[in-house]
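Presented below is the structure to which this report refers.
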Amino acid sequence: MNRLRTITLAGLMLLTGVATALASPAGIGRDQTIAAQPKANSIAELAARYDSSSCVGCHQQAHDEWAKSLHARSIFGTGRTAATFKTAIVNGAMEWPASGVKGFKDVKVEHLMGCAKCHLPQLSEATDQVAQEIVTTINTWQDALRKEDEATAGKAEKTLSSLNINCLVCHNRNAITHKWSEGYPKKDTVYGSKAGDHMDAKFTKLAKGQIMSESILCGQCHGQGPNFDQENPTQCATLYGSYLFAYVPEGGHKTCQECHMRESKLGHNMQSYRSKAMAEKAVEMHVETNAVYWRDNTTIKPKAAVRIELTNRAGHGIPDG
Amino acid sequence: MPIPQQMGRGDRMGRGPYEKSGMLEDTSLPPLRTVTTTHDIFFPVKVEEKDGKKISTITSDTLDLEVKLWYLPFGTMDDDPFLWKEFKKTVKISTTGK
């Protein structure tokens with residue numbers, strides 16, 4: 001009897017060990033990332049975790065450029081982005097029978113990740129309390145706008161804009177796509193164009209990021225189509241797909257960074273058509289006209305023949321996102 | 001523009017990203033290619049009947065042409081339209097000959 005109990009216990013321990021091994025994510029060095037800490041419980045905590053204000057002192061120009069871009073307000077946007085976060089809940093999750101969302105109080109991080117995968121990827125490092133706070137803040141902002149309460153609307157906008165795609169998202173969190181081959185991004189390291197020491201109390205090291213000048217860095221968010229890794233796939237961006245499957249086959253070889261950062265001279269102020277420089281560079285329009293008399297059997301009709309040639313010089317279809 | 005397919009099925013366009021998961025058609029300008037369109041714009045004419053025949057006479061020998069390339073991010077001219085390119089020219093047609 002005792003022997004049977006011992007075997008049973010050993011079996012249980014083995015099964016527990018296997019289950020634990022299966023539950024632990026693979027990957028050596030995952031525990032050295034910024035994400036490897038208890039989940040953030042508030043917007044303020046999450047913003048503090050990805051606080052890049054210490055970069056400004058030495059990288060003022062890059063910061064000022066970035067501040068003009070939509071990356072600096074990635075979940076607020078022009079206001080439309082924040083509104084769409086909410087629409088995705090009201091017209092999406094609340095209408096879907098198996099989403100688990102009947103009201104705003106049911107919204108969890110996973111319900112926002114359809115948007116946040118790109119607009120705020122670090123949200124995956126937050127608790128559902130943060131998802132709740134985001135939704136509540138968007139509601140507060142919209143209510144305040146309706147009531148023309150500018151102070152409250154402004155405060156909510158500021159809170160939402162405190163979460164964004166900043167230095168640490170591109171130069172740390174998302175700087176390495178192939179983590180098993182190159183290692184996980186370390187919490188004390190800034191990934192850029194060179195390696196060495198870094199004059200910062202928290203980020204003391206520089207490492208050369210293998211993809212910092214490559215399109216794949218941007219392709220993580222400016223994507224390929226439906227995100228099939230999600231329970232309910234969403235499709236916001238298809239631009240990297242267009243780059244891979246339309247631009248490159250046509251002989252294109254420039255990277256996103258070459259056009260949007262270097263040739264445009266916009267640096268970290270990455271823009272699209274709203275920038276005059278980008279719009280002019282992206283599309284050429286050539287028009288030829290001539291006036292002729294056209295005639296059918298009985299009538300003569302003077303007309304202008306107009307031939308329009310539009311050439312897309314961009315590295316992706318226009319429009320795309 | 002890429003016309004997204006609602007939930008990746010059927011013939012309906014999806015609107016919000018949460019319901020887009022496919023593509024019904026793509027009318028965007030393809031990268032590194034030239035798209036050419038031709039258009040016939042007729043001069044305004046006055047049509048009169050004379051001796052049982054319809055006679056058309058041009059009301060002006062010039063025509064002001066405007067070609068505008070608009071991007072409509074939200075699908076209509078009512079919502080944040082963006083004028084990308086513009087071309088203007090006055091064309092003239094002869095008034096002699098038959």
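Quick note: the coordinates plus some simple rules give every number you see, no bench work behind them. All of these numbers come straight from a predicted model, not from anything done at the bench. Cβ sites come from the backbone with ideal geometry, for glycine too, and all protein chains shown count toward neighbours.
Observations on the model:
- Filter on A:K194/A:K254; A:K117/A:K205; A:K276/B:K89; A:K117/A:K194; A:K303/B:K46; A:K301/B:K88 - keep pairs with C-alpha separation over 18 Å: A:K194/A:K254; A:K117/A:K205; A:K276/B:K89; A:K117/A:K194; A:K301/B:K88
- Residue-count net charge about A:E280 - beta-carbon cut-off 15 Å; Lys, Arg +1, Asp, Glu -1: +3
- Only the Cβ atoms of Lys and Arg (+1) and of Asp and Glu (-1) were treated as charged; on that basis the dipole of the range A:126-198 about its Cα centre amounts to roughly 320 debye.
- Candidate lysines for bridging to A:K105, where Cα separation is under 20 Å - those fewer than 8 sequence places away on the same chain excluded: A:K39, A:K86
- In a DSSP loop and with at most 15 other Cβ atoms within 10 Å, the GluC sites (Glu not before Pro) in the range A:32-108 are A:E95.
- Between helix A:150-161 and chain A: long-axis angle, C-alpha atoms, 0 to 90°, nearest 10: 70
- Fewest-first ordering of A:V56, A:V306 by other beta carbons within 10 Å of each residue's beta carbon gives A:V56, A:V306.
- Label-to-label distance for B:I3 and A:K179 is 4.0 nm, based on points extended 7 Å past Cα in the beta-carbon direction.
- Approximate spin-label separation A:A201-A:A67, in nm, with each point projected 7 Å along Cα-to-Cβ: 2.2
- Distances between placed amide hydrogens fall under 5 Å for A:N166 paired with no residue 5 or more residues away or on another chain.
- Computed from the Cβ-Cβ distance with R0 of 56 Å, the FRET efficiency linking A:A305 to A:V56 stands at 0.45.
- Cα centre as origin, Lys/Arg/Asp/Glu Cβ charges: chain B dipole, Debye: 320
- Cα-based shape type of the range A:33-177, given that a ≥ b ≥ c are square roots of the gyration tensor eigenvalues and the cut on a/c is 1.5: oblate
- Here the protein assembly as shown is treated with +1 on each Lys and Arg Cβ and -1 on each Asp and Glu Cβ, and its dipole about the Cα centre works out to around 420 debye.
- At 1.567 mPa s and 4 °C, Stokes D of the protein assembly as shown from Kirkwood alpha-carbon radius, µm² per second: 51
- Summing Lys and Arg as +1 and Asp and Glu as -1 over all other residues whose Cβ lies under 14 Å from the Cβ of B:P73 gives a net charge of -1.
- Farthest toward positive dipole pole in chain A [+1 Lys/Arg, -1 Asp/Glu at C-beta], among A:A195, A:G252, A:A72: A:A195
- Label-to-label distance, A:I28 versus A:K105, with points set 7 angstrom from Cα along the beta-carbon direction: 4.9 nm.
- Charge tally in the Cβ shell below 11 Å around B:D40, where Lys, Arg are +1 and Asp, Glu are -1, B:D40 excluded: +3
- Computed [θ] at 222 nm, deg cm²/dmol, the protein assembly as shown (DSSP H ≥ 4; -39,500 (n - 2.57); rounded to nearest 500): -7500 deg cm²/dmol
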